[in-house]
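Asks: So that we are looking at the same thing, I have put the structure below in structure tokens.
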Amino acid sequence: MSLEDKLSQTSEKSKAHFTVPDNYFVELEQRIMESIAEDESEEVQQSVALSPSPISLWMRLRPYIGLAAAFFLTIGIFRLFNYARLSIMEERAQKKENIMAKDLSTEQITEQDYYDFLTSEYAEDIENNWLESSIYSDLD
């Protein structure tokens, strides 16, 4: 089979895809109206079959009860995590206090070491208080 034969067959097949059946547009309106009538009759039958039944109290309150349950569950989870965090922090603080008490009880501190500690710890506060007192004394 030659290339020209293949091309002619392909073109004939492709033309068949783009042809409109006979009387397609003449019968189109009638077919659309029939399908609309069928859809309307099905909807009427479904609406009759699905007549609204009275809604029970449980069905009305179920979304609100679910919302309240989710709210209380969320609050409970936050409180649980907060309680766990606080207990862990208390345990750590207690361990630190025990370690510090143990270290302090075993170390001998001289008066000079204690004085150096206090001066290094509070030197900035002393300077700030001196500065504030000198500023306010100048205002009098």
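Only the coordinates and a few stated rules stand behind these numbers; no lab work does. All values reported here derive from a predicted model rather than from experimental measurement. Virtual Cβ from ideal backbone geometry, glycine too; neighbours counted across all protein chains shown.
Asks: Starting from the 7 Å offset along Cα-to-Cβ, what nm value, one decimal, do you get for the label separation of Lys102 and Ile88?
Replies: The answer from the label model is 2.2 nm.
Asks: Wrap a convex hull around the Cα atoms of the range 1-41, take a quarter of its surface area, and give that in square nanometres.
Replies: So the mean shadow area of the Cα hull is 4.1 nm².
Asks: In Å and whole numbers, how far do the C-alpha atoms of the range 65-126 stretch along each principal axis, longest first?
Replies: That gives 69, 31, 7 Å along the principal axes, largest extent first.
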